[in-house]
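Undergrad: A single structure is presented below for examination.
Just so you know, all these numbers are worked out from the coordinates, no wet-lab data involved. What you see is a predicted model, and the numbers here were worked out from it, not measured in a lab. Using ideal geometry, Cβ is built from the backbone for each residue, glycine included, and neighbour counts are taken over all protein chains shown.
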Amino acid sequence: MSEIIDENCKLIKKNEHIVADVAKNMPSDDTLIEIAELFKVFGDSTRTKIISALTYSELCVDVLAATLKMTKSAVSHQLRILRQTKIVKYRKSGKEVYYSLDDEHIVKIYDLAREHLSE
C-alpha cells in the first residue's frame with residue numbers, strides 16, 4: 001500500500017503544473033452539483049421521451065399524453081420537474097398551456113446524446 005502512495009506522490013510532484021491547472025479551471029462545487037442534477041433529470045426515460053417529443057414541436061399536455069401513451073397526470077408531473085430544472089418552458093393560449101424546450105442548449109444536449117449512442 002505504501003508503494004502505491006509513494007508512486008502517486010511522485011506522479012503528483014512530476015505533474016504539479018497539471019494538477020494546478022486542472023484545479024484552477026474546475027467549476028465551483030455548486031456548478032458541478034447543478035450539472036449533476038441536470039443529468040439526473042435527463043436520466044429518466046419518461047422525461048427523455050417528453051424531451052424527444054418537444055424537439056419536434058411545441059405541444060400541450062393532451063397531445064403529449066396521447067403521443068407518449070401516458071396519462072395527462074403523469075405527463076404533467078414530469079413537466080413540472082422539467083420546468084423546475086429549466087429544461088422546458090410554457091406559454092398559455094386561452095385555457096391551453098403549450099410546452100417547448102427552454103432553449104437551443106437542451107436540443108444540443110439531446111442531439112449530442114443521440115449522436116454519441118449511434119456511433
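Undergrad: Please report how far the C-alpha centroid of the stretch 8-28 lies from that of the stretch 38-117, rounded to the nearest whole angstrom.
TA: Cα centroid of the stretch 8-28 versus Cα centroid of the stretch 38-117: 40 Å apart.
Undergrad: Sort the following peptides by mean Cβ neighbour count (other Cβ atoms within 10 Å, averaged over residues), highest first: 82-91, 65-74, 13-22. Write out the running numbers ahead of the final one.
TA: Numbers: 82-91: 16.4, 65-74: 13.5, 13-22: 10.4.
Highest-to-lowest ranking by the protection proxy: 82-91, 65-74, 13-22.
Undergrad: Rounded to the nearest 0.05, what FRET efficiency do TYR56 and ASN15 have when you use their Cβ-Cβ distance and R0 = 41 Å? Walk me through the numbers before you get to the answer.
TA: Working: r = 47 Å, r/R0 = 1.15.
Calculated value: 0.30.
Undergrad: May I ask for log10 I(q)/I(0) of the chain at q = 0.10, 0.13, 0.15 Å⁻¹, from a Debye sum over the Cα atoms as equal point scatterers with solvent left out?
TA: So the normalised log intensities work out to -0.47, -0.64, -0.75.
Undergrad: Can you list the HN-Hα couplings for the stretch 21-35, worked out from phi with the Karplus curve (6.51, -1.76, 1.60; θ = phi - 60°), rounded to whole Hz and with x for Gly and Pro?
TA: 5, 4, 4, 5, 9, 5, x, 5, 4, 4, 5, 5, 5, 5, 5
Undergrad: Right, here's the next one. Applying the Karplus parametrisation 6.51 cos²θ - 1.76 cosθ + 1.60 with θ = phi - 60° to the phi angles of the stretch 103-119, what ³J(HN,Hα) value in whole Hz is obtained for each residue in order, glycine and proline being reported as x?
TA: Those phi angles translate into 7, 5, 4, 5, 4, 5, 4, 4, 5, 5, 5, 4, 4, 4, 6, 7, 6 Hz.
Undergrad: Place a +1 charge on the Cβ of each Lys and Arg in the chain and a -1 charge on the Cβ of each Asp and Glu, then give the dipole magnitude about the Cα centre in debye, rounded to the nearest 20.
TA: Values: 18 positive and 19 negative charges, 157 e Å.
Its charge dipole is roughly 760 debye.
Undergrad: Right, here's the next one. Put +1 on the Cβ of each Lys and Arg and -1 on the Cβ of each Asp and Glu in the stretch 43-118; which of ALA66, LEU117, VAL107 then has its Cα farthest toward the positive end of the dipole?
TA: It is ALA66, whose Cα lies furthest towards the positive end.
Undergrad: Which peptide among 28-34, 105-111 comes first, and what is the full order, when sorted by highest mean count of other Cβ atoms within 10 Å? Mind showing how you got there, number by number?
TA: On the way: 28-34: 9.9, 105-111: 14.6.
Listed from highest to lowest mean packing, they are 105-111, 28-34.
Undergrad: If the cut-off is 19 Å between C-alpha atoms, which lysines fall inside it for LYS95, apart from same-chain ones fewer than 8 positions away?
TA: Cross-link targets: LYS72.
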